[in-house]
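Some notes on the structure that comes next.
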Amino acid sequence: MQIPAQFDYVRASTIEDALALLDRHGPESRVVAGGHSLLPMMKLRLARPEWLIDINDLYELDFILPEATQLRIGALTRHSTLLESADVARLFPIVIDAERVIADPIVRNRGTVGGSLCQADPAEDLATVCDVLRAQAVVRGPGGERILTMDEFHKGPYETAVAQNELLVEIRFPIRPRAGSAYEKVERRVGDWAVVAAGAAVNLAEDGSVDDVAIGLTAVGLDGTIAEAEAVLRGRRPSEELFEEAGRLAALASMPVADQRGPVDYKRHLADELTRRVLRRACARALETQTTTTQEG
Amino acid sequence: MTITEAHAPNPAAGDADRPIGYGRIQRKEDPRFVRGKGHYVDDIVLPGMLHGAILRSPVAHARLVSIDTTRALAHPGVVAVITGQDLLGLKLAWAPTLSADVQAVLVTDKVRFQGQEVAFVIAEDRYAARDALELIDVDYDVLPPVIDARHALDPGAPVIRDDIEGRTDNHIFDWEAGNAAETDAVFASAEVIVKQEIVYPRSHPAPMETCGAVADFEPIEGALTLYETSQAPHAHRTLFAIVSGIPEHKIRIVSPDIGGGFGNKVGIYPGYILAVVGSIVTGRPVKWVEDRSENLMSTSFARDYIMQGEIAATKDGKILALRTNVLADHGAFNATAQPSKYPAGFFHIFTGSYDLQAAHCKVTGVYTNKAPGGVAYACSFRVTEAVLLVERMVDMLARKLEMDPAELRLKNLIKPEQFPYKNKTGWEYDSGNYERALRLSMEIAGYDDLRREQKEKRARGELMGIGVSFFTETVGAGPRKHMDIVGLGMADGAELRIHPTGKAVVRISVQSQGQGHETTFAQIVAEEIGIPPEDIDVVHGDTDQTPFGLGTYGSRSTPVSGAAVALVARKVREKAKFIAAAMLETRPEDLEWEKGRWFVKGDPSVGKTMAEIAMGAHGTVALPEGIDGNLDAEVTYDPPNLTFPFGAYICVVDVDPGTGHVKVRRFIAVDDCGTRINPMIIEGQVHGGLTDGVGMALMQFIGFDEAGNNLGGSFMDYLIPTSMEVPNWETGFTVTPSPHHPIGAKGVGESATVGSPPAILNAVVDAISPLGVTHMDMPCTPARVWAAMQGRATPPI
């Protein structure tokens, strides 16, 4: 049994209560939701918070709300809830692709969307998903709410724009027409962190050309999406040649480091290979939505 | 659910619903396990019990300059802190290993691997003990470590074991088997020779339950009760008596339920000794249970063999000879657990299942600055390494000869009429019908169809691989004149007692870690004397309750203890005949046996059941001369030979050409372990071993960086396969009884672990062979497979 250092524990009853507790206990307090990143780190004594503020009673943060122009997801939504949502599957198949390969069912039953994003592990899958879906993060603090783009939200490995006395409360995915998205990950074993993963989201124009595209890579040292690879596709009809060129540029842009999961050349190769795969699948999915829309029209 | 219901008919069973004897019955021990009522070492709580925690070295090789325990002792709840200096005073700083070496219990002079035991804190609770570890100030003078075994014998390499008088290098032993000159002669004139370095990387058994102990020393009687995670309680008691000086009759070792062993719980670890010392020093019981990282970093690892293999054959595919030089990394202390005369275990069965003209192996053991161990993880004393070597070499030969690998094996397997077969390194294989097993596995697999499918896929650029392996195991050590562990002959005892009402208790010396002994051994007794298995209690794991014997490892429980149990039951049955004769007022020779009952020849209606005989034995029946008033017996079984289970495995994999990711699509396992006592338990053991094989072949690896940092010290880095990585196992079996075993049974616990890694590896290499790949070493992680596909395969160490 691995034993954490001593800490105190308190259970928050509302968002306001959680914010007040964060304020009262200061920088040595940490919010715990699913606990699947924080608790192992505490057991290994890599994290030593003095206070754990448990937000699992904040049911008001556990929701999936489809609206006309956006899908709103509460920060306390469990991974398994997201994975089972028909709205999410219909609008953002990339989320289902990613959730299927995030850890294992036991972790997904407890782990939360907000917890994953705030942990900001460089190999975190949802970060890439949010990047390419151009999500917004809603953060609440003593002074009220702020809405951040993912660029603003991410500050680097294990760091976000959420201040010590703030709480991530919601993620919003904008709904766009003729959209398709996909995620693919290479892992050594189910439940392992990504060796490399890639995500892509595309919107086609009515003529079938790429109106907008976002490409992101997980675990290769990148912040945000890969503009140079995206530029290749924008305004042009999707084709195998363009996917190849985008893959090549994504690999060039990547900055992987060697570790037990693989050497640099392999990770760079995966950046290329997986970029091509997710673009192919995202475009195919966008075309399917387009066909459906046309038929309905 | 009652216990009786646990034996309800199993619809999947092909056998009788409730066999009184062999057959497919649910495990007697499972009702408590599935309800969370198992009782493990960490469940033991004694009055006044204290908790111990071990401070471990963060570095691999360093002089110990100083230890200051002042701050730790001042920590609330801390009762004592023990260092190596304290143990020197008690003459307990060093303990003998199972391989005639010594191992530091706590460091006194020099740290020799990362994770080595430096100090022991004893506190009122485990939190205080763990907190206090951070308050011990240790000053290390870091030395250059020896990490790569290939450089352990370099001139000028740091000498790790300078504690041993006169030692100037890191050499432990050279050991050889077979005939070098004969083998060289065959190679000199061979038409075809294939050479390959094959590395079996370091892995770890990682049992679900880590190691631990609760020591309770009673000072007035001078008696020690030690609850510990041990696969061999009796051997441990004798060793504790020798090491500690506590008389053996004052020591009781209890191994309660054990959550997996796989050879990880054979040796005596410093933690067990420290718990005992802690209890003696404090006068209170002391519990020590290691955490997962401690288990992975300090307890017995497995494998770490670098093997240079060479195989010789004729052009038309007759295999002639095999030879190998092996570099064996034993870590910082030589602590492998195996029969004393065999420092490389049973590796010399590397001739495998083939009829060879000559064979020779040489194994060199070296020290490195890594955790000690080597014989573990269901290896049957290094048969895993032997089978990987021969099965890779045969596969490579097939490729060189452009022959189908199954065809080449069929051509060279030892034939049924050659048994008992003497191989070229001194083994006598007891029985086998190898061709039948291989043909059955090919039939289940649909081998020819698979090869056709592979051809079509290759034409489309898809990478599908089919891997074959055939293994012969040697298990059930052993004849005691040849095999001992630190001088204790490898025999096992059994005691059987029939209570007056006809219920029974059988006491055995082997210790289950999940193998299902409480069911299997009850079934053996049931088969022999006709009492239902649910009426037979199996007692094990407590030295005060059971006869002496060497314990469970190397798949020896059924071959050795199973034989003891069958023989003790026969002894009771024979005694019952005399009592029945007295009860029936007839002569014993006029009685005939049917399962559960002696009756008068020619008049089956006149007879006595075992229950009636038991009541008679304990009752008032006038007993014949020389028969005492009970129905008990006792035997110790010394096996005349080992048993040689075998099997034919076929694996189908798909490799993603773009990522190198391997998917095991199918796995066909045909096992022959002789007489099958409980087919469901056998299948369960095979399923587990095959899963282990997927782990070894695809992901498990304890690596080190240049400084000697262990890179596999948690389940984040040391990967265990899940249900997602394994296919739906397809098992089959043949039955070739062992001619020398009382019931014809052979061991099976390690067969799948021994046989499956080469099948998977052969399949992966087969899949990527269109890219010109002829060999790669495990683990076949995506990155390593991809590197091999680029022509850049590298050994893992």
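The numbers here are math on the coordinates, done by the rules we state, and not lab data. Everything numeric in this text was worked out from a predicted model, so none of it was measured. Methodologically, a virtual Cβ is constructed for each residue, glycine included, from the backbone with ideal geometry; neighbour enumeration extends over all protein chains shown.
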Go through the range A:99-204 and name the chymotrypsin sites (Phe, Trp or Tyr not before Pro) that are in a DSSP coil and have 14 or fewer other Cβ atoms within 10 Å of their Cβ.
A:Tyr158
Compute, for the range A:60-174, the length of the dipole vector about the Cα centre, with Cβ point charges of +1 (Lys, Arg) and -1 (Asp, Glu) only. Units Debye, rounded to 20.
120
So if each residue of separation counts as 0.36 nm, and I subtract the Cα-Cα distance between B:Arg35 and B:Ser769, what length gain in nm does that give?
259.4 nm
Using 7 Å Cα-to-Cβ label points, what is the A:Ala47/B:Phe173 separation (nm, one decimal)?
4.8
If we count GluC sites (Glu not before Pro) as exposed when they sit in a DSSP loop and have at most 16 other beta carbons within 10 Å, what is the longest stretch of chain A that avoids them all?
A:68-205
Under Stokes-Einstein, with the Kirkwood radius over Cα pairs standing in for Rh, what whole-number D in µm²/s applies to the range B:571-662 at 10 °C and 1.306 mPa s?
94
At 7 Å along Cα-to-Cβ for each site, give me the label-to-label distance between A:Lys155 and B:Glu134 in nm.
2.4
Just want the ordering: B:Lys411, B:Lys422, from fewest to most Cβ atoms lying within 10 Å of their own Cβ.
B:Lys422, B:Lys411
nm² value of the averaged projected area, convex hull over the Cα atoms of the range A:8-54:
3.0
Order by neighbour count: B:Leu296, B:Leu322, B:Leu106, A:Leu252, fewest other Cβ atoms within 10 Å first, most last.
A:Leu252, B:Leu296, B:Leu106, B:Leu322
Explain nothing, just the number: relative contact order of chain B, from Cα pairs under 8 Å at least 6 residues apart, as a whole percent.
15
Taking only C-alpha pairs under 8 Å that are 6+ residues apart, what is the relative contact order of chain A in percent?
15
Amide N of the range B:216-242 lying under 12 Å from the label point, which is placed 7 angstrom from the Cα of B:Lys250 along Cα→Cβ:
B:217-225, B:241
For A:Ala258 and B:Leu153, what does the FRET efficiency come to when R0 = 25 Å and r is the distance between their Cβ atoms, rounded to the nearest 0.05?
0.30
Take every Cα pair under 8 Å in the range B:649-797 that's 6+ residues apart, average their separations, divide by the length, and report that relative contact order as a whole percent.
35
Based on the alpha-carbon set only, what is the convex hull volume of the range A:50-143 divided per residue, in Å³?
133
Could you state the principal axis extents of the C-alpha atoms in the protein assembly as shown, from the largest down, to the nearest angstrom?
103, 76, 71
Treating only the Cβ of Lys, Arg, Asp and Glu as charged (+1, +1, -1, -1), what charge dipole size does the range B:491-637 show about its Cα centre? Round to the nearest 20 debye.
180
If you take the charge dipole of the range B:640-797 about its Cα centre, with +1 on Lys and Arg Cβ and -1 on Asp and Glu Cβ, which of B:Pro679, B:Gln700, B:Val764 is farthest toward its positive end?
B:Pro679
Between B:Arg18 and B:Trp729, Cβ-based FRET efficiency (R0 35 Å, step 0.05) works out to 0.85
Can you pull the one-decimal nm distance between simple spin-label points at B:Thr586 and B:Gln357, each 7 Å off the Cα toward Cβ?
6.3
Is there a quick way to get the dipole size of chain B? I mean about its Cα centre, with the Cβ of Lys and Arg at +1 and of Asp and Glu at -1; what is the value in debye to the nearest 20?
1020
When the charge dipole of the range A:8-54 is computed with +1 at the Cβ of Lys and Arg and -1 at the Cβ of Asp and Glu, the Cα pointing farthest to the positive end, of A:Pro27, A:Ile15, A:Leu44, is that of A:Leu44
So the compactness index of the range B:334-470, its C-alpha Rg divided by 2.2 N^0.38 Å, takes the value 1.26
Among B:Asn641, B:Pro205, B:Pro31 the positive-end extreme of the charge dipole of the protein assembly as shown (Cβ point charges):
B:Asn641
When we measure straight from the Cα of A:Lys267, which lysines land under 19 angstrom away, once same-chain ones fewer than 8 places off are left out?
A:Lys185
When A:Arg188, B:Arg665, B:Arg460 are ranked with the fewest other C-beta atoms within 10 Å first, the list becomes B:Arg460, B:Arg665, A:Arg188
When you look at the Cβ of every residue in A:189-199, what mean number of other chain Cβ atoms sits within 10 Å?
4
Helical segments meeting 30 Å axial Cα length and Kyte-Doolittle -0.5 threshold in chain B (DSSP H)
B:563-584
Give the angle, between 0 and 90 degrees and rounded to the nearest 10, that separates the Cα long axis of helix A:264-296 from the longest principal axis of the Cα atoms of chain A.
70
State the three equivalent ellipsoid semi-axes of chain A, derived from the C-alpha gyration tensor as the square roots of 5 times its eigenvalues, in descending order and whole Å.
34, 23, 16
Quick one: what Rg and Dmax do you get for chain B from the alpha carbons, in Å?
27.4, 86
